[in-house]
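Note sheet for the following structure.
The values are calculated or read from the model by the stated rules, or taken from the named source; none is laboratory data. As the structure is a computational prediction, the values presented were derived from the model and not from experiment. Virtual Cβ from ideal backbone geometry, glycine too; neighbours counted across all protein chains shown.
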Amino acid sequence: MATGWAREGAVQEQIDSTVQDAVDQARRQLEGVGESLTHCAECDEPIPEARREAIQGVRLCVNCQAEADKRAGHGAGFNRRGSKDSQLR
């Protein structure tokens, strides 16, 4: 594959790094540690039993979890490859 000035294997390293970043982020977001709380750790609202059963170790109610997800972002904000097309936009 033609990669311009990049050394051999650089593109695959970028892909691997992007995948590893996503895996690391997903692991940080996993709750599953210990028992689920009966009330939200942030707002103290009751957490429905169905949510506690569906997600082991849940700590937040649905609303607080949605807010936490918004704050966390989704990490796809940049292009590691730096292709000419992305640089021209």
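Can you tell me which residue within segment 2-37, out of those that are at pLDDT below 85, of a type in the set (S, T, N, Q) and within 22 Å of the chain's Cα centre (by Cα), is surrounded by the most Cβ atoms within 10 Å (Cβ to Cβ)?
GLN25
Looking only at segment 38-66, which residues are in a helix (DSSP H, G or I), surrounded by 12 or more Cβ atoms within 10 Å (Cβ to Cβ) and among the aliphatic types (A, V, I, L, M)?
Keep residues of segment 38-66 that are in a helix (DSSP H, G or I), which gives 49-54, 62-66.
Narrowing the set further to residues that are surrounded by 12 or more Cβ atoms within 10 Å (Cβ to Cβ) leaves 51-52, 62-65.
Once the filter is applied, which keeps residues that are in a helix (DSSP H, G or I), surrounded by 12 or more Cβ atoms within 10 Å (Cβ to Cβ) and among the aliphatic types (A, V, I, L, M), segment 38-66 yields only VAL62.
Among the residues of segment 67-82, which ones are loosely packed, with under 11 Cβ neighbours inside 10 Å and either among the small types (Gly, Ala, Ser) or modelled with pLDDT under 60 (or both)?
Residues satisfying the conditions are GLY73, HIS74, ALA76, GLY77, PHE78.
Out of all the residues in segment 38-56, which are at pLDDT 90 or above and among the polar types (S, T, N, Q)?
Answer for segment 38-56, where residues must be at pLDDT 90 or above and among the polar types (S, T, N, Q): just THR38.
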